[in-house]
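**Q** Got a structure here, written out as structure tokens. Questions coming.
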Amino acid sequence: MTLPAGVAEAVERHPELPPFRLLLPPGWTRHLPTDDEERELLARMRERIRPLGRPDLEFQLTAGTKAAFRELRAKDGIAMYLPTQVGESTAVPMSMSACRITGPDGRPLDGQVAELFRRHGAEFLGDDRTIVRWRRTFATLPGLERVGTEQVNHLVPVPGTGRRVGVLLSTAIVRDPGDPVEGIDLDALVALADAIASTFAWAPSRGAAGD
């Protein structure tokens with residue numbers, strides 16, 4: 001799947017990382033992992049969804065958003081990306097987060113990545129073999145018995161760190177675990193997560209020409 005026309009560029013800056021950028025589909029927005037942004041985002045999402053008469057979609061998006069913000073704040077979260085400005089026909093119960101991760105005790109992430117390949121079906125995204133990709137399925141989210149999630153992860157090593165530091169993009173696709181997978185186009189949403197991750201690129205540093 002390729003990203004449709006009208007994509008927006010999000011450039012992220014973190015004090016311990018080089019700046020990087022992602023291309024987001026139309027209607028997707030970027031948010032910082034703060035309590036204020038979470039409250040404001042949930043209020044705007046509910047205001048837009050309720051007139052559609054889709055309580056199932058409202059519940060899934062609300063639950064998924066709360067879980068994503070909670071997880072992001074527990075980690076070294078950088079930003080959250082959500083489809084908050086889309087219509088009924090394109091609204092999807094998914095979110096993507098970006099976090100900074102480090103190897104244990106300052107060691108390279110090689111051992112953890114090897115374990116992902118060995119036990120979790122990890123693979124490279126793209127022929128350049130830079131981004132490591134793997135999936136996980138959860139029957140339910142903690143405290144949200146009506147919500148399950150399919151998680152698609154993409155790990156990008158930070159250049160110049162000896163693979164000791166990486167940026168982790170985690171996409172959560174939420175649904176009622178009692179519904180058949182066919183109830184949502186899971187393959188299409190997973191492909192969308194891969195398409196967004198494939199646009200990851202390191203951006204010019206502050207002060208660089210053209211920055």
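**Q** State the answer as a single residue: which of L17, H31, A63 lies farthest towards the positive end of the charge dipole of the stretch 1-71, with beta carbon charges of +1 for Lys and Arg and -1 for Asp and Glu, about the Cα centre.
**A** Of the candidates, A63 comes out farthest on the positive side.
**Q** Quote to one decimal, in nm, the extra length available between D56 and A195 on full extension: 0.36 nm per residue of separation minus the C-alpha distance between them. Could you put the intermediate results ahead of the total?
**A** Numbers: separation 139, 0.36 × 139 = 50.04 nm, distance 2.63 nm.
Stretched out fully, the D56 to A195 stretch lengthens by 47.4 nm.
**Q** In nanometres, what is the gap between the two model label sites at A8 and W202, each 7 Å from Cα along Cα-to-Cβ?
**A** Each label point is offset 7 Å from its Cα along the Cβ direction, giving 2.7 nm.
**Q** List the residues, sorted by chain then number, that are 5 or more residues from A122 or on another chain and whose placed amide H is less than 5 Å from its amide H.
**A** Distant-sequence amide H within range of A122: F117.
**Q** If you don't mind, there's one more thing I want to ask. Using Cα-only point scatterers and the Debye equation, what is log10 of I(q)/I(0) for the stretch 1-116 at each q in 0.09, 0.12, 0.14, 0.17 Å⁻¹, rounded to two decimals?
**A** Taken in order of the listed q values, log10 I(q)/I(0) reads -0.30, -0.52, -0.68, -0.93.
No lab work stands behind these numbers, since they all come straight from the coordinates. Just so we're clear, the structure is a prediction, and the values are computed from it rather than from any experiment. No Cβ is skipped: glycine too gets one built from the backbone with ideal geometry, and neighbour counts run over all protein chains shown.
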